[in-house]
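Q: Structure below; questions to follow.
The values are calculated or read from the model by the stated rules, or taken from the named source; none is laboratory data. Being a predicted model, the structure only gives us computed values, none of them experimental. Cβ coordinates were reconstructed from backbone atoms using ideal geometry, including for glycine residues, and neighbour counts include every protein chain displayed. SASA here: full protein model, heavy atoms, side chains in, ligands and nucleic acids out. Shrake-Rupley method; radii C 1.70, N 1.55, O 1.52, S 1.80 Å.
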Amino acid sequence: MIRHNIPTAKYKEYTNIDEAINEIDSFGYPVVIKADGLAAGKGVVIPQNREEAISTLKEIMSDKKFGDAGDKIVVEEFLEGIETSILAFVDNDTIVPMVSAKDHKKVYNNEQGPNTGGMGTFSPSEIYNEELSKEVDEILYKTLEGFKKDDLNYKGILFVGFMITKDGAKVLEYNVRFGDPETQSVLFRLETDLHKIMEAIIDNKLKDISINYIDEEAVCVMLTSGGYPDNYEKGKVIKGLENLDKDIVVFHSGTKIVDNSVVTNGGRVIGITAKAKSVEDAAKKVYENIKKINFEGMHFRTDIGMINQ
Ligand code: GLY
């Protein structure tokens, strides 16, 4: 991002804990500390002060809380603003953003508690407007130019996590995949055949097709196992799925079938998804239907898509 002039947070990588501790104050507080390797979406900690930062560095780098993923860490300036996810279709000549989405990563309402792999999403994001879409287009264009300059033959789906700050949109992360649970809300609104888009990407003809979305908005709420993202039990029978309204879609994440019953088999269990004329109406539909579902220890946030609550 720095090489390609893409707006992002000030950061530095560390493999030596003493160096990290010596320099931690220069980022200000709160500060973002990330395990550089894969940590199931949980390897980011946001200490509020020096004391918390040092104990986080020790947990990740000395105690190996995230295993080898913490051999290298990234310390980053904390960006304040509203997070927005943009998924984009990419081929060698063109990058096309999908409709925006807002992800909720914290386990409890009002962004409280530890990070998770995602507790729910809605699409479109509440702050997305024409001005922001121009800024995002420019950043996506620079990203595509970066792929070309670096000779990366990247095609497919690009996930860009943005923080919309008072100084404009800044990139928090790229993922070379769809987002979860953004995809549930975003593809729910896609009208054009996804297969046709993928074929166009393979043939480098993305610029020749038009990609349309239905005139509705969407919400996905994740039901999780009690205790997640820390320890949780598996194998709880999920009841009530047969009673959901016909237009509700259940995306299975952590489930399996045992003796003809659907049981929990992960932290994030199922995503309940609905569309309606507005995010608020879609959220109402989702929450009405969640009342019909039950499994022991079931947890979910009650504020996804409740923008004006
Ligand atoms: N929802 C965040 C991600 O897919 O990375």
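Conditions (1) modelled with pLDDT under 95; (2) closer than 24 Å to D167 by Cβ; (3) open to solvent by less than 30 Å² (accessible area, probe 1.4 Å); (4) part of a strand (DSSP E or B), marked per residue:
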residue	(1), (2), (3), (4)
D18	no, no, no, no
G41	yes, no, no, no
L57	no, no, yes, no
A69	yes, no, yes, no
V75	no, yes, yes, yes
E80	yes, yes, no, no
V96	no, no, no, yes
T121	no, no, yes, yes
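Q: Here's a follow-up. Return yes or no: is I257 at pLDDT below 95 and open to solvent by 20 Å² or more (accessible area, probe 1.4 Å)?
A: Values: at pLDDT below 95: no; open to solvent by 20 Å² or more (accessible area, probe 1.4 Å): yes.
Considered against the rule, which asks whether it is at pLDDT below 95 and open to solvent by 20 Å² or more (accessible area, probe 1.4 Å), I257 comes out as no.
Q: Being touching a Phe, Trp or Tyr at 6+ places or on another chain (Cβ under 8 Å) and either assigned to a helix (DSSP H, G or I) or surrounded by fewer than 15 Cβ atoms within 10 Å (Cβ to Cβ) (or both) is the filter here; which residues of the range 43-55 pass it?
A: Taking the range 43-55 and keeping what is touching a Phe, Trp or Tyr at 6+ places or on another chain (Cβ under 8 Å), we get 43, 46-50, 53.
Scanning the range 43-55 gives Q48, N49, R50, A53.
Q: Tell me, please, whether a residue that is away from the ligand (no atom under 16 Å from the Cβ), basic (K, R) and surrounded by 18 or more Cβ atoms within 10 Å (Cβ to Cβ) can be found in the range 185-195. Explain how you work it out, then say what you get.
A: Step one: list which residues in the range 185-195 are away from the ligand (no atom under 16 Å from the Cβ), which gives 189-195.
If we keep only those that are basic (K, R) too, we end up with 189.
With surrounded by 18 or more Cβ atoms within 10 Å (Cβ to Cβ) added as a condition, the list becomes 189.
Yes: one or more hits.
Q: Can you pull out every residue in the range 126-151 that is open to solvent by less than 50 Å² (accessible area, probe 1.4 Å), touching a strand residue (DSSP E or B) at 6+ places or on another chain (Cβ under 8 Å) and modelled with pLDDT of 95 or more?
A: Matches in the range 126-151: L132, S133, V136, I139, L140, T143, L144, F147.
Q: How many residues are within 15 Å of the ligand (Cβ to nearest atom) and either in contact (Cβ under 8 Å) with a residue 12 or more places away in the chain or touching a Phe, Trp or Tyr at 6+ places or on another chain (Cβ under 8 Å) (or both) when one looks only at the range 97-113?
A: Step one: list which residues in the range 97-113 are within 15 Å of the ligand (Cβ to nearest atom), which gives 98, 100-107, 111.
Subsequent filtering for residues that are either in contact (Cβ under 8 Å) with a residue 12 or more places away in the chain or touching a Phe, Trp or Tyr at 6+ places or on another chain (Cβ under 8 Å) (or both) retains 98, 100-107.
So the answer is 9.
Q: Output the number of the condition that V262 fails; it satisfies all remaining conditions of (1) under 30 Å from Y128 (Cβ atoms); (2) open to solvent by less than 70 Å² (accessible area, probe 1.4 Å).
A: Going through the list (1) under 30 Å from Y128 (Cβ atoms); (2) open to solvent by less than 70 Å² (accessible area, probe 1.4 Å), V262 breaks only (1).
Q: Please go through the range 68-91 and pick out each residue that is under 29 Å from S26 (Cβ atoms), within 16 Å of the ligand (Cβ to nearest atom) and within 17 Å of the chain's Cα centre (by Cα).
A: Those that are under 29 Å from S26 (Cβ atoms), within 16 Å of the ligand (Cβ to nearest atom) and within 17 Å of the chain's Cα centre (by Cα): I82, E83, T84.
Q: While we're looking at this one, here's another question. Can we say S225 is more than 27 Å from G43 (Cα to Cα) and open to solvent by less than 80 Å² (accessible area, probe 1.4 Å)? Walk me through it before giving the result.
A: Details: more than 27 Å from G43 (Cα to Cα): no; open to solvent by less than 80 Å² (accessible area, probe 1.4 Å): yes.
So S225 does not fit the description; no.
Q: Run K105 past the list (1) open to solvent by 30 Å² or more (accessible area, probe 1.4 Å); (2) at pLDDT 95 or above; (3) within 30 Å of E131 (Cα to Cα) and report the number of the one that doesn't hold.
A: Checking K105 against (1) open to solvent by 30 Å² or more (accessible area, probe 1.4 Å); (2) at pLDDT 95 or above; (3) within 30 Å of E131 (Cα to Cα), the one that fails is (2).
Q: Give just the number: which of (1) of a type outside the set (V, I, T); (2) within 16 Å of the ligand (Cβ to nearest atom); (3) over 19 Å from I304 (Cα atoms) does K142 not satisfy?
A: (2)
Q: Right, another one. Modelled with pLDDT of 95 or more, within 11 Å of the ligand (Cβ to nearest atom) and acidic (D, E): does that describe E182?
A: Yes: the conditions hold for E182.
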